[in-house]
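Q: My questions all concern the structure below.
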Amino acid sequence: MTDTAGLELISTAVLLMTAGRRIAYANPAAENLFAQSRRQLVGARLGDVLRDAERLTPALDLALTHRASYTEQEIELHLAGKTNGHARLLVNCTATFLDSPHASDPQLIVEFRPIDQQLKIAREAKIAEQNQANRELVRNLAHEIKNPLGGIRGAAQLLEGELSEPQLVEYTQVIIGEADRLQNLVNKLLTPHKLPRYVRTDIHVLLDRVLQLLKNEFGATHTLEADFDVSLPEPELDGEQITQVLLNIARNACQSTAAVSSPEVTLRTRVARQVVLAKRRYRMALEVAVVDNGPGVPLALRDRIFYPLFTTRTDGTGSGLGLSIAQTFVAQHYGVIEVDSEPGHTEFRVILPFDHPAEPPSHADTKAKP
Ligand SMILES: Nc1ncnc2c1ncn2[C@@H]1O[C@H](COP(=O)(O)OP(=O)(O)O)[C@@H](O)[C@H]1O
Ligand SMILES: [Mg+2]
């Protein structure tokens, strides 16, 4: 039998097929892509797995007859036996002849590369990079503002002491008050400077605390639900930071649903399989989702909501820092935040490795600044 150990870890879905066009092996990425276990896949025909398997026939035939490699670009396939939205796959498919010693051994390697995933990874990497640059810019700017502010405030106080006309104190008070306000803002922008401390943590204890805080604030108007997979292993994380992350996201969900007739926010935990986080592949990762039934994030704003100071709240309740801080903390954990949103269903998913990778992330954000 062909050695398949190397295929187990790769992120591309791979099937090995016999000359009789039966599946002889499926790697974990293929199980994931076709939403079937290896036991179900092995021995099956492609037609049992895909409704439109015949689209692949030319590539398979060519690979077998020419003992070479053939690719079908951007083909749309549908999973057999599924009719919902998840049944559609857009893939590049490559069939490669495999020179096996025995005729009964697999004769073809068939690789499926989902196109959506390629685009999504590239897109997310680009956004993360932009956000990174933005956060750096804001941090540097905040530093530059912080120092002269102290001088302005001190000088105004000295001036106040020298004033002969008491009614002029009103003006120095304005200077001092506004300097304090700016100082506050600048301090908020500089918050994420502490390096995280990674500790094995029961994520559900932490989520219960978040839920309790939400209930205090929104319990009277909102239905707040927990949908936990209690069999999850304990992740290694900084409890304080991740609490802040989830609270920021969940508070947004509560605020964004305030105007719907029966606002609902659910905190959900699951295992995410075969994910790429900070350019590394993980078989399993922790997924914490915050789901709400609000109006959603308009597509045009999707990239900007993570920018520091970006807010759409016009009632003065928004600082525009919640998601920016959340993203900084999650990046320090080598994780990602994903967003899916349509009116009536918005999901923010925080995906984190269970084990904290040994070396620090390459992001400049993790450099401690005073
Ligand atoms: N669950 C959500 N539904 C709709 N819009 C959201 C949601 N979460 C965040 N947003 C949008 O993202 C923006 C930025 O969020 P955030 O960084 O927390 O700042 P703030 O909450 O102070 O506005 C919000 O103003 C809102 O427009
Ligand atoms: Mg917020």
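The values are calculated or read from the model by the stated rules, or taken from the named source; none is laboratory data. These figures come from a predicted structure and were not determined experimentally. Cβ sites come from the backbone with ideal geometry, for glycine too, and all protein chains shown count toward neighbours.
Q: If you check every pair at least six apart or on different chains, which have Cβ atoms under 7 Å apart with a residue in the range 291-318 that is not assigned by TED's automatic domain parsing to the domain that holds Gly344 first and a residue that is within 13 Å of ligand 2 (Cβ to nearest atom) and part of a helix (DSSP H, G or I) second?
A: none
Q: Tell me, which strands (runs of 3 or more DSSP E) wholly within the range 1-83 include 3 or more residues that are among the hydrophobic types (A, V, I, L, M, F, W, C) and either within 29 Å of the chain's Cα centre (by Cα) or farther than 23 Å from Ser104 by Cα (or both)? Can you show your working first?
A: On the way: elements: 13-17, 23-26, 69-78.
Correct list: 13-17.
Q: Let me spell it out: the conditions are (1) surrounded by 20 or more Cβ atoms within 10 Å (Cβ to Cβ); (2) within 11 Å of ligand 1 (Cβ to nearest atom), and Leu237 meets all of them except one. Which number is the exception?
A: Exception for Leu237: condition (2).
For every residue, the table says whether it meets (1) modelled with pLDDT under 95; (2) acidic (Asp, Glu).
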site: Phe218; (1), (2): no, no
site: Pro235; (1), (2): no, no
site: Glu240; (1), (2): yes, yes
site: Ala259; (1), (2): yes, no
site: Val265; (1), (2): no, no
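Q: Here is a follow-up. Look through the range 331-359, keep the residues that are in a loop (DSSP other than H, G, I, E, B) and within 11 Å of the chain's Cα centre (by Cα), and return whichever of them is nearest to ligand 2 (Cβ to nearest atom).
A: Keep residues of the range 331-359 that are in a loop (DSSP other than H, G, I, E, B), which gives 333-335, 343-344, 354-359.
From the residues that got through so far, the ones that are within 11 Å of the chain's Cα centre (by Cα) too are 334-335.
On the way: Tyr334: 23, Gly335: 19 Å.
Of everything passing the filter in the range 331-359, Gly335 is nearest to ligand 2 (Cβ to nearest atom).
The rows are residues; the columns are (1) in a loop (DSSP other than H, G, I, E, B); (2) in contact with a His (Cβ under 8 Å, 6 or more places away or on another chain); (3) more than 27 Å from Leu189 (Cα to Cα).
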| position | (1), (2), (3) |
| --- | --- |
| Asn252 | no, no, no |
| Ala259 | yes, no, yes |
| Thr266 | no, no, yes |
| Thr269 | no, yes, yes |
| Val276 | no, no, yes |
| Gly294 | yes, no, yes |
| Ile305 | no, no, no |
| Thr311 | yes, no, no |
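Q: Just one of Leu64, Leu33, Leu9 is surrounded by 15 or more Cβ atoms within 10 Å (Cβ to Cβ) and within 18 Å of Arg113 (Cα to Cα); which is it?
A: Numbers: Leu64 fails: within 18 Å of Arg113 (Cα to Cα); Leu9 fails: surrounded by 15 or more Cβ atoms within 10 Å (Cβ to Cβ).
Answer to the check: Leu33.
Q: Are any residues in the range 297-343 farther than 27 Å from Pro357 by Cα, of a type in the set (Ser, Thr, Tyr) and within 8 Å of ligand 1 (Cβ to nearest atom), and if so, which ones?
A: Within the range 297-343, Thr311, Thr312, Thr317, Ser319, Ser341 meet the criteria.
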